[in-house]
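The values are calculated or read from the model by the stated rules, or taken from the named source; none is laboratory data. The structure presented is a predicted model; accordingly, all values stated were derived computationally and were not measured. All Cβ positions, glycine included, derive from the backbone under ideal geometry; neighbour counts span all protein chains shown. Accessible surface areas use protein heavy atoms only, side chains included; no ligands, DNA or RNA. Shrake-Rupley method; radii C 1.70, N 1.55, O 1.52, S 1.80 Å.
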Amino acid sequence: MEIIREISILRARIKEARSQGKLVGFVPTMGCLHKGHLALLDKARAENGLTILSIFVNPLQFGIGEDYEEYPRHLESDAVQVKKAGGHIIFAPTVKEMYPQGHATYVDVERLTAVLCGASRPHHFRGVTTVVAKLFNIVNPDQAYFGQKDAQQALVIQRMVRDLNMNVLVHIIPTVREADGLAMSSRNSYLSPAERSAASILYKSLSQASEEIQGGQRDAAVIQAFIVEKISLELLANIDYVAVVDTEEIRPVKEISGRTLIALAVRFGKTRLIDNIIVEV
Ligand code: AMP
């Protein structure tokens, strides 16, 4: 396992692997790896001859007053995990390597990024799509792996790939959860013990909503209100949004039918957590 910081060196390694006929699998992350990231890495390992995981805390996707400075950075322990999991390369560029002086080009997916997390984090997705497009251009992967945990991000990246004819197969991997259902996230480390315990309400409320839907409830407003009510019982929880939307355009639906995304963002103290489920009826 090798840690590479320079684009030119990474490209040379990839060229060499390609000349040996290897497929290139790519897992972009911001590091502070947990089992959710490792599930992506495992899949990439199983399906490709060369597996690259990037670790880059991308300043472009953080808003003013967000946690860019505090975001946990643990390259050494991340490297131990990637090695153990059989990953071949960690690409950990500096900000200067990714955005040298004069950088002026951005990738912006419209509409899908104006809602849900995009509404409360205005330039977030522009930062995500710009860095992922750059990383795709650097790595040129055959396959790339993203988590369902960031449902809107997954839809936005799939749309970018489709719209810009990027030659990469995107896989979306199911959310990996803690024993009480809380979606694993690098940001969970910010939670106080009381907030951590309260945060289990997110998946609990989504699971109960799913049961309501399986029991025949199809009214999206009723399901939305059901989740809001459950979460509101938790005094430490501050709801940013709870939304019931389609999985193409991320538009609110009135009636739940077909594939439907139920997504939420909730603050516990200064920590903003997201979660979601997809129901199919
Ligand atoms: P991040 O480091 O938070 O930017 O996440 C990097 C990738 O890991 C993204 O594609 C995330 O959706 C994915 N990911 C993060 N947490 C989880 C999780 N609990 N289960 C599955 N994938 C995850």
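Quick check on the chain: of the DSSP beta bridges with both residues there, what percent are antiparallel, nearest 5%?
Here the share of antiparallel DSSP bridges comes out near 55 percent.
Starting from the Cα gyration tensor of segment 1-107, multiply each eigenvalue by 5, take the square root, and state the resulting semi-axes largest first in whole Å.
24, 18, 12
Applying 1/(1 + (r/R0)^6) with R0 = 22 Å to the Cβ-Cβ distance of VAL80 and GLU47, what FRET efficiency is obtained, to the nearest 0.05?
0.40
Give me the accessible area per residue for segment 2-173, probe 1.4 Å, as a whole number in Å².
Value returned for segment 2-173: 48 Å² of accessible area per residue.
Using a 1.4 angstrom probe with every protein chain in place, what is the largest-first accessible-area order of ARG5, ARG18, ARG121?
The ranking, largest first, comes out as ARG5, ARG18, ARG121.
Can you give the charge dipole size of the chain about its Cα centre, rounded to the nearest 20 debye, using +1 on the beta carbon of Lys and Arg and -1 on the beta carbon of Asp and Glu?
720 debye
What distance in nm separates the simple spin-label points at SER197 and ILE3, each placed 7 Å from Cα in the Cβ direction?
For SER197 paired with ILE3, the spin-label model returns 3.7 nm.
Quick one: what do you get for the chain if you divide its Cα Rg by 2.2 N^0.38 Å?
The value comes to 1.02.
Counting each DSSP H run of 4 or more residues in the chain as -39500 (n - 2.57), what helix-only mean residue ellipticity at 222 nm follows after dividing by all residues, to the nearest 500 deg cm²/dmol?
My calculation for the chain gives -11500 deg cm²/dmol from helical runs alone.
So what's the gap between the Cα centers of segment 114-188 and segment 61-112, to the nearest angstrom?
Segment 114-188 and segment 61-112 have Cα centres spaced 13 Å from each other.
Could you order ILE64, ILE262 by accessible surface area, starting with the largest, using a probe radius of 1.4 Å?
Putting ILE64, ILE262 in descending order of accessible area: ILE64, ILE262.
At a Förster distance of 41 Å, what's the computed FRET efficiency of GLU69 paired with LYS254, Cβ-Cβ distance as r, to 0.05?
FRET efficiency, GLU69 to LYS254: 0.45.
Averaged per residue, what accessible surface does segment 186-276 expose to a 1.4 Å probe, in Å²?
On a per-residue basis, segment 186-276 sits at 48 Å².
Segment 147-281: D in µm²/s via Stokes-Einstein (Kirkwood Rh, Cα pairs, 37 °C, 0.692 mPa s)?
It comes out at roughly 211 µm²/s.
How big is the accessible area of GLU280 in square angstrom, nearest 10, if you roll a 1.4 angstrom probe over the protein chains?
Solvent-accessible area, nearest 10 Å²: 130 Å².
When the accessible area of segment 30-160 is computed with all protein chains present and a 1.4 Å probe, what percentage of it is carbon and sulfur?
That fraction is 52 percent.
Within the set LYS43/LYS254; LYS134/LYS230; LYS204/LYS254; LYS35/LYS204; LYS83/LYS230, which residue pairs have Cα atoms separated by over 30 Å?
The pairs that break the limit, which is 30 Å between Cα atoms, are LYS43/LYS254; LYS134/LYS230; LYS83/LYS230.
Could you give the angle, 0 to 90 degrees to the nearest 10, between helix 201-214's Cα long axis and the longest principal axis of the Cα atoms of the chain?
70 degrees
Tell me, in nm to one decimal, what length is gained between VAL228 and ARG177 on full extension, where the rule is 0.36 nm per residue of separation less the Cα-Cα distance?
16.2 nm
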